[in-house]
Protein chains: 2
Amino acid sequence: MADINFANAPSDAAEARPAAPREGDLRWDIIELLFFAYRDFVADPDHELEAFGFGRAHHRVMHFVHRYPGLKVADLLDVLRITKQSLGRVLKQLLDEGYILQKTGNNDRRQRLLYATPKGEALVAKLAGLQTKRINQALADMGPAGAETVKHFLRAMIDRDDPDKVLEAIFAAGTASTKE
Amino acid sequence: MADINFANAPSDAAEARPAAPREGDLRWDIIELLFFAYRDFVADPDHELEAFGFGRAHHRVMHFVHRYPGLKVADLLDVLRITKQSLGRVLKQLLDEGYILQKTGNNDRRQRLLYATPKGEALVAKLAGLQTKRINQALADMGPAGAETVKHFLRAMIDRDDPDKVLEAIFAAGTASTKE
DNA sequence: AATTTATGTCAGCCATATTGACGTATCTTG
DNA sequence: CAAGATACGTCAATATGGCTGACATAAATT
């Protein structure tokens, strides 16, 4: 139980090590790191959300509604890439429990513009706090330039074709601040 | 349809913009970028896997079995953080369809050590190719130092406490090559 | 007046996750 | 050797969160 071998003995050990970064070809290491990093990154909020009877979907909705106040339901669907029915369930919960409120659009009264209530703001800030702590810790021993490199990388990982409105905003901001 | 406003008119537009990076406190931007980056990062393989009748879980199993040949079932459970029952189904499929094979452990014959077959290697390489393409593109305009910064960041995002065996291997390799 | 759009909702299906219990082979230990 | 622990597999029941398809309503557009 205390050894690091994946198999369990010298005879197996040779082939039980990481496949070695001999391939200059494929980015196995980064693929793997992204998996673990994201796994742990969402684990913090997930744990917290359990206490509320919410899931990851609720967090995503709260996050984007907070970040883009007045977001339309249709925009939210584009961003989350889920169906109206799936969104409907979580959105209804968040409305019923007072985390989000809807306002009828001024110009187009069919629209329901979404806003986070103070209660919703509190929740989303709490969750962002957990994730921020992890991010700050990860950025700790690399200066502001390092943080910019990371942001640049993440932005470049995102599909540019057919961006939804939230992404347009991000890229617009990103372009302006790429060298900031 | 061509405007960037989230709401739809001047009267709403003011509050329908990104909440502004005024907060020096919380890392909203990186939180969001991680969401989108990961979303698109897994979308490529997900799409490909559909053709095989496989899901994301199959990909993960194939990836780790490929990377750490001779992995035990118990180790896989630790890494994926799912239950034996859930793993059982996807593993059975992969075994039945010839993507993975089991060998009884030499020393402990209770163990079933997992290996990717050539067929499995082909699949996992194909999927890694898609993800590598995206990663290389994202790293394109930043030198090797940039790639190291990114790796450093991702490693630092991962929980250190209670690492499973795969993570131990990653951190061991990472420590050695942090300045490589 | 007819059509399209934005939203909501009902009904049912599927994939993937869960917990709990149990069985079997095998290793370890008293 | 007998007893217990371990590695793995599997059965059953359940929950969550996606999905499709169909349909309804209100409001905008043509």
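Extending 7 Å from Cα along the Cβ direction at A:Phe171 and again at A:Lys84 yields two label points whose distance is 2.7 nm.
Across the stretch A:26-137, Cα pairs under 8 Å and at least six residues apart give a relative contact order of 29 percent. Starting from the label point of B:Asp96 at 7 Å along Cα→Cβ, the same points in the other copies fall at 3.8 nm, in ascending order. Per-residue mean of foreign Cβ neighbours for B:68-74 is 5 (Cβ atoms of other chains, 10 Å radius). Couplings 3J(HN,Hα) for the stretch B:152-164, derived from phi with the Karplus relation 6.51 cos²θ - 1.76 cosθ + 1.60 (θ = phi - 60°), are 4, 4, 4, 4, 6, 7, 8, 4, 8, 5, 6, x, 7 Hz, where x marks Gly and Pro.
Per residue of A:145-153, other chain Cβ atoms within 10 Å of the residue Cβ number 6 on average. Between the listed residues B:Val90, B:Ile135, B:Leu123, the Cα displaced farthest toward the positive end of the dipole of the stretch B:27-141, a dipole computed from Cβ unit charges relative to the Cα centre, is found at B:Val90.
Ranked from shortest, the separations from the 7 Å Cα-to-Cβ label point of A:Arg110 to its equivalents in the other copies are 6.3 nm.
Considering only B:Val73, B:Phe35, B:Gly55, and ranking their Cα positions along the charge dipole of the stretch B:27-141 that arises from unit charges at the beta-carbon of Lys, Arg, Asp and Glu, the one farthest toward the positive end is B:Val73.
Placing a pseudo-label 7 Å from each Cα along the Cα-to-Cβ vector at A:Glu97 and B:Leu130 gives an inter-label distance of 3.4 nm. Zone of A:Phe52 (label point 7 Å along Cα→Cβ, backbone N under 14 Å): which residues in the stretch A:107-151? Label zone hits: A:115-131. Sorted shortest first, the separations between the A:Pro144 label point and its copies elsewhere in the assembly read 2.9 nm; each point sits 7 Å from Cα along the Cα-to-Cβ line. Label separation (B:Gln137 vs A:Val73): 3.4 nm, computed from points 7 Å beyond Cα along the C-beta direction. Using the Cβ of B:Leu49 as centre and a radius below 14 Å, the other residues enclosed give a net charge of -2, where K and R count +1 and D and E count -1. Magnitude of the charge dipole for the stretch B:26-180, about its Cα centre and with charges confined to Cβ atoms of Lys, Arg (+1) and Asp, Glu (-1), is about 580 debye.
We did not get these values from a lab; they are worked out from the coordinates using the rules stated. As the structure is a computational prediction, the values presented were derived from the model and not from experiment. Quick reminder, even Gly has a Cβ in these numbers, built from the backbone with ideal geometry, and neighbours come from all protein chains shown.
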